[in-house]
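The values are calculated or read from the model by the stated rules, or taken from the named source; none is laboratory data. Keep in mind that this is a model prediction, so the values were computed, not measured. Glycine also receives a Cβ, built like all others from the backbone with ideal geometry; neighbour counts cover every protein chain displayed.
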Amino acid sequence: MFLQLGHTKLEVYSIAKQVVKECYLVTNTFPADERYVLTQQMKRAALSVQLNIAEGSSRKSDIERNRL
């Protein structure tokens, strides 16, 4: 049996997921000299928000959830 996490039902998670998609689309239009530094940093930052929401929703106590 798999652990049921509620992060996919959160509106903020859906918004973060859309931000990641938009970030990937926008960074694909950047000049080639920016693709390896700025592009990677933006992608990691956008994905980090989404992953932190998922991780925070898996915490059992309110204190732990609020920290993330």
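Identify all residues within segment 1-42 that are charged (D, E, K, R), part of a helix (DSSP H, G or I) and loosely packed, with under 15 Cβ neighbours inside 10 Å; write none if there are none. Let's see the steps before the verdict.
Restricting attention to segment 1-42, the residues satisfying the condition of being charged (D, E, K, R) are 9, 11, 17, 21-22, 33-35.
Imposing the further condition that a residue be part of a helix (DSSP H, G or I) reduces the set to 9, 11, 17, 21-22, 33-34.
Selection gives Lys9, Glu11, Lys21, Glu22, Asp33, Glu34.
Among the residues examined, Leu47 does not qualify as modelled with pLDDT of 95 or more and either exposed (fewer than 11 other Cβ atoms within 10 Å of the Cβ) or aromatic (Phe, Trp, Tyr) (or both).
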